[in-house]
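Notes to accompany the following structure.
Since every read-out is calculated from the coordinates, none of them should be taken as a lab result. Predicted model only: the values in this text are computed from it and were never measured. For neighbour counting, all protein chains shown are included, and Cβ atoms are generated from backbone atoms with ideal geometry for every residue, glycine included.
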Amino acid sequence: MTMRVLAQSRGFSLWPESASTSAEDVDLVYLALLGLTLFFVVLIGAMALGFGVKYRAGAKSFRDHPIRKTLPIELTWIVAPLVMTLVIFVWGASVFVDLGTPPADARSIYVVGKQWMWKVQHPGGRQEINELHVPTAESIKLVLTSQDVIHSFYVPAFRIKRDALPNQYTSLWFRATRPGVYHLFCAEYCGTDHARMRGSVVVMTPTDYQQWLAEEVTERRSDGATRGRDEEKESGPDSATSRRIDVSTSPSAFVEFGCAACHQSNTTDAGPNLAGLFGRTVRLADGRVVVADEEFLRRSILEPNHAIPSGYGNSSSMPTYAGQINDDQMAELVEFIKSLETNGEGATQPDWPATTP
Amino acid sequence: MADTPLAHQFDDVAQQREAAGLGMWTFLATEVLFFGGLFTVYTVYRVKDSAAFVEACHELYMWLGAINTVVLLTSSWTMALGVHAAQHGERRRAVSFLVRTAVLGLVFLLIKGTEYSLDIRERLVPGPGFRAEWTVDPTHAQLFFVLYFVMTGLHAVHMLAGIGVVSAMAFMVWKSRSSTHHANALEMAGLYWHFVDIVWIFLFPLLYLVA
Amino acid sequence: MTEHTASTRTYRNVAMTLFVLLAGTVIVAKLQLGTLAPVIALSIAAAKAVLVAMFFMHLYYGSRLTRVFAAAGLFWLLILLGLTLGDFLSRS
Amino acid sequence: MTTLDTLTVAAPSYLASRWSLRSWLLTLDHKRIAILYLVSITGFFFIGGAAAVLMRLELATPESDVVQSAVYNRLFTIHGTVMVWFFLIPSIPAVLGNFLVPLMIGARDLAFPRLNLLSWYLFMAGGVLAIGSIVAGGVDTGWTFYTPFSTTYANSAVIPMVAGIFISGFSSILTGMNFVVTVHTMRAPGMTWFRLPLFIWAMYATSLIFVLATPVLAITLALIGIERIWGVGVFDPALGGDPLLFQHLFWFYSHPAVYIMVLPAMGIVSELIPCFARNPIFGYRFIAYSSLAIAILGFLVWGHHMFVAGQSLYASMVFSILSFLVAIPSGVKVFNWIVTLRNGTIQYKTPMLYALGFIGLFTVGGLTGLYLASLAVDLHVHDTYFVIAHFHYIMVGGAVMAYLGGIHFWWPKMTGRMYPEAWGVFSAVLLFFGFNLTFFPQFLLGYLGMVRRVAEYPPEFQVLNVLSSAGASILGVAYLVPLVYLTASLIRLPSAERNPWKATGLEWETSSPPTEFNFVQAPVVTSPPYAYPPLGAIAEPPATGVQEASSG
């Protein structure tokens, strides 16, 4: 339905719409490159045309211009383009680093690609298919994965793209600036209906977005949603208040898989305390030092042995959850662990030894 | 080596010999990158999934690998002596060393075959029948064995080709009137044989000694 | 025409050194040196490979061009291995 | 005919020496093998071209109406695989390289004629398997064979296609080996490295890539086969593998492969420009060294295909800066070619038009490569039509233009016949316009966000797509015209002189077409290449015989 609206609202154009802060950054680098291109095309074209006409066979031109020394000329057209390209490199790289580093306060949304659709899971469990609703003026971090082959999440109006890989989390972030409905494409060829793996990103004003959220919640409640209401209330973006892991407020997956048995802050040291883990740099038993990001949490759930915290022996007593947990539950668990802030006890427990105090 | 036949495109024997040598080394460079792709795959997974690889490596018969290394190193020695003999006109000696080289190559394959059959018996062949009991992680243990079989298998194919070439050379040197007639070709065959030996020199520690 | 001038005695010495190195690598493996073990094992392998290439394959007596060709394959392998591994090691 | 000297009258040309089919299929003559390649890659070119025509037809409308997605996906896979491995990669090296390398350096043949013939048979065996996979239902993976799609999910004839490319890879390796060794060991007396024609430098650099990159592709494709046949994991993440590792290995070959296509093209242009400008080439050593620089730097940039694929940020930075650097030696070549025109006496013959067309289109193609090297912009244009446009400017605007220029330039030498000049000029101009109309709109489409490999697209992209399809129909005609008149020239047109362009270079010192062993008398070189006399000397051929060439 939105696709049709989208199709009608767009006419012929030579410049893509821009609807995010990243779009402006990328466009600037693009324009600089366009300027560089024009400069060289005009320079080379003018030289070729000038020489081509002047020295054409039959033209009575003076052809005995002295041959200048080669080396200075060669060095000119080696060094000058080199400097220009290096400037562009540094610029492009700095924009790329910005676009690769989500702000700490970014709202996380989980996106799963599968042949041939995008499944979106908002914090709190709300789901969409081939649509993504986001508010303006808020940093949104998309955590991507795939159920089958490689897909690529691409929103031209935001000038961003990231591959969604099976068995791995990747991420991208953006900050939408203009309300509207924008194309969402799969950019990585993924099989028969790759061309139809299209959707739309709906950017709304914060007020509209709040309204939309409310609608969704009402709909879900009237549908008789299976998940507890506490969780919806609790796991919103502002809900990350200091607290212990309380089974009554944790998502169903946390209960279903029995995580609490070992990972509750007040139990024995069977497993490390998860509070405040996310985003920290932790030291592992084999001496490696890693940042506990979404991918780290995901992999630790599926392959507990790949990273054992220092102080917990050499092999994990935790079983693998590979094959038992689906992408939705995984997103739920990861989001839940992220929402746990340090609860005071973490400081005294050497569970996840930080590298820096 | 005045009696080396000269192909029409060359001016003299020296040029032909230089071309053959360079050609062989170019070929070996491509072989380095052919195996190099596999070494890269192995190294990346070794670094990523080290615990599983260490556990899987313990299942290999290190002593069989070590014995096989001795066999191959010896065969390289006899090959070098065979080439040396041919270049110095000692035809019978050359043939005898070539035969020894080929036999050592066969011994290597025999030991390798024995090892494969032990691996099969212990359900270490990747696929549906792969052993399930691993403490670290069966998926990556299986990945180790995929690479083990592909790398040693590709090496074994090269060994087979080498044995064929060395046997053929032995036959030709035996039949020819002058041993130096084939010295150039024999030197090329030797380069190939030693290269296959070098591949094993790296495969042995990578696969058997990663622990 | 000049011949490769390795003598049979050189070959014997090289072969003996190779056997000693092999024994060394097996012993080191049995010592359980942890993270250092692969480094030592591969260094010994590299030493063995150099011996085989230099003497059995006559690189030591060969022209500079031949040595460049022999090194080229290795150099490009290092490019492949280095840049690929660089990616995997620098992932956060 | 009057210029044929007594020496060549004595020996028949390589074409006329024997006539039987057997004498062609078992030939060891590098020139005949070149002709075998010429005929076979022309066939492959039109197979790949037919797929492209159907694709452009389908893309004239936003819906999938001409073909369904499943068919379209097979079409672009055929187009990609056939054009890359069975046309572009062998095109200049295996046809013009095979024909010219021994002639240009003054040798009787390549160092290993048997391997040369074997390489053609391997190429054909690979080609038959690839075509077989199309007959067996086609392949829908794209030419990149990304895992886990190609290993686990694709339900098509991946195995024969991969096997075909694997086998034809060895044909590349053998050709590369042959050229490297030939250039090192078989140069005529006096043919020092810095007297080599720049085409030889380019072929040497190309051969390095053949020899050092192709084996990695071979083993990677073999691993795909193993994974697919036995269902064990190498790259499949579900089985513990990493799909990015596949991409690393694939692009370690496939990015340098782009330079396999464009370096020989640059070599041809370096021959054509001085000849038709009647001027010694400017900056010979810089053009020669830049070929090597491109070949080596070209190996260090493959990661720019993986900026958005999940590669580490640091690796991406390194690959980005190296990708910028590889543009510099290409720029050096372009500037040197342009300055070669200065003081010249330029004749706008067909080969020269192709060469100038190459410079223009390659410049655009090269500069748009910077957009993809730039991390920020690549984030947006990666996997869009911007990429398609960019690499077609390099591979079609660059490599194919130069290939056709070379074919026209050396046609008299290869066949002993002249082509019709008016038709040649017509098709070169038509090609240039058709090409730009086809591919320039795709830059715009790419920046607008149209992704590649889709049979359907949002309707607002239609205008530009229709322009592109219209251009493609012109382009198609522009390819058919030379096919017709070049074939016709074999029967109808007058015989060529030994040196119709009054060009320098040893290949012009022998008869057209050459005798079986190229030179009746071994040439001796005593002067640098491209010794085109300055103004006024155009009426006189710079050299009329082997002996005079060696002294002048």
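What average number of partner chain Cβ atoms lie no more than 10 Å from the Cβ of the residues making up A:294-307? List each step's numbers first, then the result.
Details: counts 0, 3, 1, 0, 0, 0, 0, 0, 2, 8, 2, 8, 8, 0.
Other-chain Cβ atoms within 10 Å of each residue's Cβ, averaged: 2.
For the stretch D:103-206, how big is Rg over Rh, using alpha carbon atoms and the Kirkwood form of Rh?
Numbers: Rg = 18.6 Å, Rh = 15.8 Å.
Rg/Rh for the stretch D:103-206 comes to 1.17.
Beyond a 23 Å Cα-Cα separation, which of these cross-linked pairs lie in this structure: A:K119/A:K161; A:K54/D:K349; A:K338/B:K48; A:K69/D:K502? Intermediate values should be presented prior to the final figure.
On the way: A:K119/A:K161 16 Å; A:K54/D:K349 17 Å; A:K338/B:K48 25 Å; A:K69/D:K502 28 Å.
From the list (A:K119/A:K161; A:K54/D:K349; A:K338/B:K48; A:K69/D:K502), the Cα-Cα distance tops 23 Å for A:K338/B:K48; A:K69/D:K502.
Compute the helix-to-body angle for D:350-373: its Cα long axis versus the longest principal axis of chain D, expressed 0 to 90° and rounded to tens.
Tilt relative to chain D: about 30 degrees.
Work out the mean other chain Cβ neighbour count within 10 Å for the residues of D:173-181 and drop it here as an integer.
5
For the stretch A:1-150, what is the percent of antiparallel DSSP beta bridges, rounded to the nearest 5?
On the way: 8 of 15 bridges.
In the stretch A:1-150, approximately 55 percent of DSSP beta bridges are antiparallel ones.
Mind listing the phi-derived Karplus ³J(HN,Hα) values for the stretch D:252-260, rounded to whole Hz, using 6.51, -1.76 and 1.60 with θ = phi - 60°, and x for any glycine or proline?
Calculated HN-Hα couplings, in order: 4, 8, 6, 6, x, 4, 4, 6, 4 Hz.
If Lys and Arg each add +1 and Asp and Glu each add -1, what is the summed charge of the other residues whose beta carbon sits under 14 Å from the beta carbon of A:W116? All intermediate terms of the calculation are to be shown ahead of the outcome.
Numbers: positive: A:K114, A:K119, A:R196, A:R198, D:R453; negative: A:D148, A:E188, A:D193, D:D140, D:E456.
Value of the local net charge: 0.
Could you compute the net charge surrounding D:G446? Neighbours are other residues with a C-beta less than 11 Å from the C-beta of D:G446; K and R count +1, D and E count -1.
Numbers: positive: D:R452; negative: D:D383.
Around D:G446, the charge tally is 0.
Taking a ≥ b ≥ c as the square roots of the Cα gyration tensor eigenvalues, with a/c under 1.5 meaning rounded and otherwise prolate when a/b beats b/c, else oblate, which class fits the stretch A:21-100?
Working: a/c = 7.56, a/b = 2.34, b/c = 3.23.
It comes out oblate by the Cα gyration axes.
How charged is the neighbourhood of D:L96? Take every other residue with its Cβ under 13 Å from the Cβ of D:L96, and add Lys/Arg as +1 and Asp/Glu as -1.
Details: positive: D:K31, D:K413; negative: D:E271, D:E507.
That sum, taken over residues with Cβ under 13 Å, equals 0.
Would you tell me the mean number of C-beta atoms belonging to other protein chains that fall within 10 Å of each C-beta in B:191-203, as a whole number?
Working: counts 6, 1, 2, 7, 7, 0, 7, 10, 1, 2, 13, 6, 1.
Average neighbour count from other chains, rounded to a whole number: 5.
First check a/c for chain C, with a ≥ b ≥ c the square roots of the eigenvalues of its C-alpha gyration tensor; if it is under 1.5, answer rounded, and if not, answer prolate when a/b is larger than b/c or oblate otherwise. Numbers along the way, then the final one.
Values: a/c = 6.46, a/b = 1.32, b/c = 4.90.
Taking the square roots of the gyration eigenvalues as a ≥ b ≥ c, chain C is oblate.
Tally the DSSP beta bridges in the protein assembly as shown and give the antiparallel ones as a percent, rounded to 5. All intermediate terms of the calculation are to be shown ahead of the outcome.
Values: 36 of 50 bridges.
DSSP beta bridges in the protein assembly as shown are roughly 70 percent antiparallel.
Starting from the alpha-carbon convex hull of the stretch A:97-198, give the projected area averaged over all orientations, in nm².
Mean shadow area of the hull around the Cα atoms is 6.2 nm².
Compute the long axis of helix D:421-448 from its Cα atoms, compare it with the longest principal axis of the Cα atoms of chain D, and write down the angle in degrees, 0 to 90, nearest 10.
Approximately 20 degrees, to the nearest 10.
Where does chain B land at 222 nm, in deg cm²/dmol rounded to the nearest 500, when only DSSP H runs of n ≥ 4 count, each adding -39500 (n - 2.57), divided by all residues?
On the way: 6 runs with 160 residues, N = 211.
Calculated at 222 nm, the ellipticity per residue is -27000 deg cm²/dmol.
If packing is taken as the average count of other Cβ atoms within 10 Å, what order do D:132-144, B:182-194, C:18-30 fall into, highest mean first? Let's see the in-between values first.
Details: D:132-144: 19.2, B:182-194: 23.0, C:18-30: 17.2.
Those peptides, ordered most packed to least, come out B:182-194, D:132-144, C:18-30.
Where is the GNM fluctuation largest for chain B (alpha-carbon springs, 10 angstrom cutoff): B:S176, B:S167, B:S75?
B:S176
Among rounded, prolate and oblate, which fits the protein assembly as shown when a ≥ b ≥ c are the square roots of the eigenvalues of its C-alpha gyration tensor, a/c under 1.5 means rounded, and a/b larger than b/c means prolate? Walk me through the intermediate numbers first.
Working: a/c = 2.22, a/b = 1.27, b/c = 1.75.
Since a/c reaches 1.5 but b/c is at least a/b, the shape of the protein assembly as shown is classed as oblate.
Helix D:327-340: angle to the longest alpha-carbon principal axis of chain D, degrees 0 to 90, nearest 10?
30 degrees
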